[in-house]
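Here is the structure we will look at.
The values are calculated or read from the model by the stated rules, or taken from the named source; none is laboratory data. Just so it is clear, the structure is predicted and the values come from calculations on it, not from any experiment. Cβ coordinates were reconstructed from backbone atoms using ideal geometry, including for glycine residues, and neighbour counts include every protein chain displayed.
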Amino acid sequence: MVVILVTTVVVMVLMRGASFAFEVGVFRNSRVRQIATLGEVIAANSTAALAFRNQDDASDILSALQAEEHIVAAALYDADGKLFSTYPKGLAADSVPSEPGGGGYEFVDSMLSGFQPVVEGERHLGTLYLKLDTGVVFQQWLLGSIQIALAVMAFVLLVAYALSRVLQRHISAPILSLADNARVVSEQHDYSIRAVKHGDDEVGMLTDAFNQMLGQIEQQNEALKESEGRARGILNAAMSAVVVIDTSGRVVEWNARAESMFGRTRAEVLGQDVAVLIVPARHRERLKKVMQMFRAKGEAQILNRTIEVNALRRDGAEFPVELSIVPLRTGNVVTFCGFITDITERKQSEMRIRESLKDITDLKTALDEHAIVAITDPQGKITYVNEKFCAISKFSREELIGQDHRIINSGHHPKEFFRDLWTTIGQGRVWQGEIKNRAKDGTIYWVDTTIVPFLGPNGKPYQYVAVRADVTERKRVEEQLHNLNLTLERHVAERTAQLELANKELEAFSYSVSHDLRAPLRHVDGFAGLLLKSDGPLVSERGRRYLDHIAQSAKQMGTLIDDLLVFSRMGRSEMRITMVDLNKLVDETIHALRLETNERNIRWVRSDLPVVRGDLPMLRQVYVNLLSNSVKYTRPRDPAVIEIGCEDDANGEFVFHVRDNGVGFEMEYVHKLFGVFQRLHRAEDFEGTGIGLANVRRIITRHGGRTWAEGKPDQGATVYFTLPKTPETQS
Amino acid sequence: VLPFLLITTAPRLHAQNPTTSEYVLKAVFLFNFAQFVEWPPETFPSSDAPFVIGVLGNDPFGPLLDETVRGESVGGHPLTVQRFARVEEVVACHVLYISTSESRRLDEIVAHLRGRGVLTVSDSERFIVRGVMIRLVTERNRIRLRVNLDAAKAAGLTISSKLLRAAEIVSSEEE
């Protein structure tokens, strides 16, 4: 409605404006005519005044202009152009032009002025100038004109308003609502909006058509969106990078895989030169040539094929890709669609496969060099043998392929042996063992065999690989050794029995000897004593000395026999094993020895000793013997130092020692130290029977220990012995 | 309404001294009379017969009159200037300036010219009362016209009312 009203007003104003312009023109023309007529009259009247230079007359004539109130100035010029007379009286000379101008009248603002020639007959006598102020007239005229125009316009507007109200109800409102809908649709791209139909007239039909069009657009939009979404989904789900470029090499599409593969986002690459983005510098020239060729011929060799090239990542790293380029023609536009797959891993695994194939070949060569190899099918038929197999079996390869291993069966192994073998490998487990085979020429040979079942996808073996080593020589040596051992063991048993018998006889002998020797010795000693007691005074001094020697020697011999009896008893007597506290034992022994040696300066040093399992009297004997020895051989020392200790050896043994600072010994005679009756010192220097250490060794040996000694002449000696640890003796 | 189809340019005259300036104007007046007075047709024997401005007696104009009318024409009649020593010489003349030197013979001259369609002009007041038609009156640097209308009418000449507006009308002295 506003439009209609505005239109009306504009039309009115324009029409009025045109009409006004025309009327102004008419107004002006009429003024010009008016002044021209006036000028002609005045000019005609003033000819004589000019011709005869009668200024009074000229003034009179010009005064006639008073009748025309809007004439503001007038002037007469003579034939020479000199100002002759002016109007009104007293007009300033500069209010009129100083010289006459050309004919005709013209407006300057609201002033209309002009020159009129004054002519009588043919005689030019001068010029008349008139100046008319049209302003007041014009204003009056204008005011009237505007009043009329306003009145007309108001009337027309009223009519237009009434008309537009009527029109709006029937046409404008539906169309406006339709336009409003169209605006909303185009602004918000919401094609689900529908216009409301107002009637069955043309506007109603327009509304229907509009709604139908919207429906179609909506459907097409949906279809387009779905199709675009699907295409983009496919594009981004593709495992390959998809890069689409135009014929000048600018990127127009770039999927998600391309983003991750090249490290560049879609937004950042669109419109960029693909060569700079992903093509290594050295290939860019080639790509340019391909594009040029395509532009020139519409064909290029590289298209529609799969090639392997290197591509460039954002960080400048190159990697191998598989590339196929397909030209896409959409209407007149050609683009190139590149499918790019990163084949770094494939290349690496190809490399690894090549390497491992070589490794396998090398391994097989090495294996063939070293071992006898055969492969059989699940039924045991030989499908492959190597050179060594042929060499040892003396069969040719042709003779072996297709046979089973019974061809080299020696008959040595029982049926169960082979049944076990087949059960094992049939279950897919490795079988290892030694098999005795027979060669073609009857030679027997042994092979150390490993059979590995190769399992198929179903877990069942599809072939067996048997790797064998020739162990015939080893088998032969083993057999010999076995035989030798058997003989040796028999001999040892025999000798042991003999030895034990001899030992028993010896012990019985020595016991009986010792025992039987005692009686005569007691007689010698007893009678010598009796003789001295009864006939002592009768016997000379020398005789008494002889009798003392006899008694002394008899006693010594008695000690010797006692020791021998102890020694032999040690070998035979039963051991009564108890827990023995060696600290207590050693302290008692030291105490006993102190009583005998109280005139000597002896320092006893005992470190802590364990409780051990053993026979108490025997172990006491050990320490009595060892400590007595040390007391004896340190006799020249002042002070004497005797040290008793024990080390907890890691080998499950206690290592005991008794160390002194006595006279020591030469290590080259150490082997004699523990022998019976073996003595390293003269009896004159150190008394003794030579049985003490032999007894120690025997007792320790019976306890499962060892004995040894270290020493140097004049620098003391150390005797070591060990006792095994038992669970109870773990200190 | 627009009677000015032919516009001719008045000759440019250069005033040198008051006397000269006076006669320049008088020469122009003589010429201008041709525009404001109608002569009987018989004064022009043919369509291209000259319009004659004559000077009788002493010529006060010198060359001024000739310069003023040179090349001019009135109604197809070329303007010429003739100088007469005696009135008897005046045969064909339309405007005749009678010099004051002719004062003694004036009556004779007026009588001679009566009825011959000659517009007589002089400077002297005494002349106009004795039958000369137009007197050129010099007063305060201006030149005024005095017209003896009766004399003109008697000569068969019609003087334009425009001219009469700019002139003072006098009558001949009653004898």
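Assess whether A:GLN139 counts as being over 30 Å from B:GLN35 (Cβ atoms) and either within 14 Å of chain B (Cβ to nearest Cβ) or exposed (fewer than 12 other Cβ atoms within 10 Å of the Cβ) (or both).
Criteria met by A:GLN139.
Give me a count of the residues in region A:62-79 that are outside any strand (DSSP E or B) and within 14 Å of another protein chain (Cβ to nearest Cβ).
Summing the residues that are outside any strand (DSSP E or B) and within 14 Å of another protein chain (Cβ to nearest Cβ) in region A:62-79 gives 4.
Can you spot a residue in region B:131-148 that is within 14 Å of chain A (Cβ to nearest Cβ), at pLDDT below 85 and in contact with a Pro (Cβ under 9 Å, 6 or more places away or on another chain)?
So far as region B:131-148 goes, yes, one or more of its residues are within 14 Å of chain A (Cβ to nearest Cβ), at pLDDT below 85 and in contact with a Pro (Cβ under 9 Å, 6 or more places away or on another chain).
With the condition being over 26 Å from A:LYS347 (Cα atoms), I'd like the helices (runs of 4 or more DSSP H) fully within region A:226-332 carrying at least 1 qualifying residues.
Details: elements: A:256-262, A:266-269, A:274-278, A:284-297.
Ranges flagged: A:266-269, A:284-297.
All but one of (1) out of contact with any helix residue (DSSP H, G or I) (no Cβ under 7 Å at 6 or more places or on another chain); (2) over 19 Å from A:ASN601 (Cβ atoms); (3) not aliphatic (A, V, I, L, M) hold for A:LYS632, so report the exception by its number.
Only one criterion in (1) out of contact with any helix residue (DSSP H, G or I) (no Cβ under 7 Å at 6 or more places or on another chain); (2) over 19 Å from A:ASN601 (Cβ atoms); (3) not aliphatic (A, V, I, L, M) is unmet by A:LYS632, namely (2).
For A:LYS82, only one of the following conditions fails: (1) more than 10 Å from chain B (Cβ to nearest Cβ); (2) of a type outside the set (Phe, Trp, Tyr); (3) surrounded by 18 or more Cβ atoms within 10 Å (Cβ to Cβ). What is its number?
(3)
Of the residues A:ILE451, A:ILE425, which single one is modelled with pLDDT of 90 or more, under 43 Å from the mean Cα position of the chain (by Cα) and under 17 Å from A:SER393 (Cβ atoms)? Walk me through it before giving the result.
Details: A:ILE425 fails: under 17 Å from A:SER393 (Cβ atoms).
Within the list A:ILE451, A:ILE425, the selection yields A:ILE451.
Could you look through region A:686-718, keep only residues that are among the polar types (S, T, N, Q) and touching a strand residue (DSSP E or B) at 6+ places or on another chain (Cβ under 7 Å), and pick out the one that is surrounded by the fewest Cβ atoms within 10 Å (Cβ to Cβ)? Can you show your working first?
Restricting attention to region A:686-718, the residues satisfying the condition of being among the polar types (S, T, N, Q) are A:689, A:695, A:701, A:707, A:715, A:718.
Narrowing further to those that are touching a strand residue (DSSP E or B) at 6+ places or on another chain (Cβ under 7 Å): A:707, A:718.
Details: A:THR707: 20, A:THR718: 16.
So the residue we want is A:THR718.
Could you tell me which residue of region A:194-216 is farthest from A:ARG169 (Cα to Cα), considering only residues that are aliphatic (A, V, I, L, M) and over 60 Å from the mean Cα position of the chain (by Cα)?
Going through the qualifying residues, I end up with A:ALA209.
Yes or no: B:ARG116 charged (D, E, K, R) and within 14 Å of another protein chain (Cβ to nearest Cβ)? So that I can check it myself, show each step before the final result.
Working: charged (D, E, K, R): yes; within 14 Å of another protein chain (Cβ to nearest Cβ): no.
No, not satisfied.
For B:VAL95, only one of the following conditions fails: (1) crowded, with 17+ Cβ neighbours inside 10 Å; (2) at positive phi; (3) within 14 Å of another protein chain (Cβ to nearest Cβ). What is its number?
(2)
List every residue pair whose Cβ atoms lie under 6 Å apart, where the two residues are 6 or more positions apart in sequence or sit on different chains, the first residue falls within region A:31-53 and is within 11 Å of another protein chain (Cβ to nearest Cβ), and the second residue, located anywhere, is in a loop (DSSP other than H, G, I, E, B).
Within 6 Å, the pairs are A:ALA48/B:ALA166; A:ALA49/B:ALA166; A:PHE52/B:ALA166.
Could you grab me the full set of residues in region A:529-568 that are among the charged types (D, E, K, R) and either surrounded by 14 or more Cβ atoms within 10 Å (Cβ to Cβ) or outside any helix (DSSP H, G or I) (or both)?
Looking only at region A:529-568, we keep the residues that are among the charged types (D, E, K, R), and these are A:533, A:535, A:541-542, A:544-545, A:548, A:555, A:562-563.
Once the filter is applied, which keeps residues that are among the charged types (D, E, K, R) and either surrounded by 14 or more Cβ atoms within 10 Å (Cβ to Cβ) or outside any helix (DSSP H, G or I) (or both), region A:529-568 yields A:ARG544, A:ASP562, A:ASP563.
Farther than 26 Å from A:ARG257 by Cα, surrounded by 14 or more Cβ atoms within 10 Å (Cβ to Cβ) and hydrophobic (A, V, I, L, M, F, W, C): does that describe A:PHE319?
So A:PHE319 fails the test.
Can you tell me which residue among A:TYR462, A:TYR445, A:TYR511 is of a type in the set (Ser, Thr, Tyr), surrounded by 11 or more Cβ atoms within 10 Å (Cβ to Cβ) and more than 20 Å from A:ALA374 (Cβ to Cβ)?
After ruling out the rest, the residue left standing is A:TYR511.
How about region A:569-629: which strands (runs of 3 or more DSSP E) wholly inside it have at least 1 residues that are in contact with a Phe, Trp or Tyr (Cβ under 8 Å, 6 or more places away or on another chain)? Lay out the reasoning, then the answer.
Values: elements: A:577-581, A:602-606, A:611-615.
The qualifying strands (runs of 3 or more DSSP E) are A:611-615.
Residue by residue through region A:106-120, note down the ones that are at pLDDT 80 or above and either within 14 Å of chain B (Cβ to nearest Cβ) or assigned to a loop (DSSP other than H, G, I, E, B) (or both).
Answer for region A:106-120, where residues must be at pLDDT 80 or above and either within 14 Å of chain B (Cβ to nearest Cβ) or assigned to a loop (DSSP other than H, G, I, E, B) (or both): A:PHE115, A:GLN116, A:PRO117, A:VAL118, A:VAL119, A:GLU120.
Can you name the residue in region B:31-76 that is within 14 Å of chain A (Cβ to nearest Cβ) and small (Gly, Ala, Ser) and is also nearest to the chain's Cα centre (by Cα) among such residues?
Only one residue fits best here, namely B:ALA34.
Taking the stated definitions as given, is A:SER59 part of a helix (DSSP H, G or I) and either over 21 Å from B:LEU25 (Cα atoms) or more than 14 Å from chain B (Cβ to nearest Cβ) (or both)? I'd like the intermediate steps shown before the answer.
On the way: part of a helix (DSSP H, G or I): yes; either over 21 Å from B:LEU25 (Cα atoms) or more than 14 Å from chain B (Cβ to nearest Cβ) (or both): no.
Answer is no for this residue.
Would you mention how many residues in region A:699-727 are within 15 Å of A:ILE642 (Cα to Cα) and outside any strand (DSSP E or B)?
Total satisfying the criteria: 3.
Any residue at all in region B:159-171 that is within 14 Å of chain A (Cβ to nearest Cβ) and over 20 Å from B:VAL28 (Cα atoms)?
Restricting attention to region B:159-171, the residues satisfying the condition of being within 14 Å of chain A (Cβ to nearest Cβ) are B:159-169.
Subsequent filtering for residues that are over 20 Å from B:VAL28 (Cα atoms) retains B:169.
Checking region B:159-171: at least one residue is within 14 Å of chain A (Cβ to nearest Cβ) and over 20 Å from B:VAL28 (Cα atoms).
Being β-branched (Val, Ile, Thr) and outside any strand (DSSP E or B) is the requirement here; does A:ILE451 meet it?
no
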